[in-house]
1. Would you compute, from DSSP H runs of 4+ residues alone, the mean residue ellipticity of chain A at 222 nm, taking -39500 (n - 2.57) per run and dividing by the full residue count, rounded to the nearest 500?
2. With +1 on each Lys and Arg Cβ and -1 on each Asp and Glu Cβ, how big is the dipole of chain A about its Cα centre, in debye rounded to the nearest 20?
3. Cα gyration tensor of region B:1-59, axes a ≥ b ≥ c as square roots of the eigenvalues: rounded (a/c below 1.5), prolate (a/b > b/c) or oblate?
4. For B:Lys50, go through the aspartates and glutamates and keep the ones whose alpha-carbon is under 19 Å away, minus same-chain ones fewer than eight residues off.
5. Using +1 on the beta carbon of Lys and Arg, -1 on that of Asp and Glu, and nothing else charged, what's the dipole of chain B about the Cα centre, debye to 20?
6. Along the charge dipole of chain A, which of A:Leu4, A:Val32, A:Gly144 sits closest to the positive end, that is, farthest toward it, with unit charges on the beta carbon of Lys, Arg, Asp and Glu (+1, +1, -1, -1)?
7. Given the C-alpha centroids of region A:105-146 and region A:28-73, what is the distance between them in whole angstrom?
8. Enter the accessible area per residue of chain A (Å², integer; probe 1.4 Å; all protein chains in place).
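The values are calculated or read from the model by the stated rules, or taken from the named source; none is laboratory data. All values derive from a computational prediction rather than experimental measurement. All Cβ positions, even for glycine, are placed from backbone atoms using ideal geometry, and neighbour counts span all protein chains on display. We work out accessible area using only protein heavy atoms, side chains counted, and drop any ligands, DNA or RNA first. Shrake-Rupley method; radii C 1.70, N 1.55, O 1.52, S 1.80 Å.
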Amino acid sequence: MSYLFIHAGRWLAPFAQFLAVLFLLANLLFWVMPEWAEYAARSFSGLPASTPLTLTTGTKFLGGGLSTLYLGTLAYALFTISEIFRVFAAGNCLSSGVGARLHRFGLALILFGASTPVVRALMTIIVTIQNAEGERMLIIAFSGNDFVIMLVGMLMVMLGYAFREAAAIAEENRQIV
Amino acid sequence: MPIVVNLDVMLAKRKMRSKELAQRIGITEQNVSLLKSGKVKGIRFETLAKICAVLECQPGDLLEYVSPE
């Protein structure tokens, strides 16, 4: 395994973990800070600035909880790739563990991509439920990004399977003198 | 495994140590030991040819099929 892979794996593993924690903490901070909560609500719901939002403590709690669950999937995916980088850093790229982790990473991406429209719809309900009648909204929208993320996730699941096969062949090859 | 490796027998006949064989065919002593004990899944033709050349024998002198029945 090349020195570049090992070296990159060493600093990419903690970086991926740092990103995962940063996403979760930044999200919580956005919902807790009164002046930033509206920005977070609009980002997750996709509501334009012209649409009024009513953010009470309850809606902020629900919005924060939903977004934390949603970003939790991404954080899980980032922790999984951090483990992959750690295996690469150890110079052991063709191990069955990498395949299993790639599989898990792919599943997390599929879940993240598939849950995006659901989270968007639920978030619009949460942040507009306290609005006056006639101003409550529900947005059901699919973006191209969601499908691309799911496709990449499916690719990762397949690569995980291929990696496990490759690791099994490599292990068998090691037992041939 | 019905295939028995008779490398230890051939080494004894040629009065050669595993270490020397390993050095002469270019594999580790540990691999020679694994080969002797039959704890390998397979042997490359290249390795087999080198062993035959060093021990001046035929593949049949090193490998034997024993019926499991």
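1. Details: 5 runs with 139 residues, N = 177.
Value at 222 nm, helices only: -28000 deg cm²/dmol.
2. Numbers: 10 positive and 9 negative charges, 56 e Å.
Roughly 260 debye for chain A.
3. On the way: a/c = 1.30, a/b = 1.24, b/c = 1.05.
It comes out rounded by the Cα gyration axes.
4. Once the sequence-local aspartates and glutamates are set aside, what remains near B:Lys50 is B:Asp8, B:Glu20, B:Glu29, B:Asp61, B:Glu64.
5. Numbers: 11 positive and 8 negative charges, 60 e Å.
With Lys and Arg at +1 and Asp and Glu at -1, about 280 debye.
6. In chain A, that residue is A:Leu4.
7. Using only Cα atoms, the two centres lie 12 Å from each other.
8. On the way: 9950 Å² over 177 residues.
On a per-residue basis, 56 Å².
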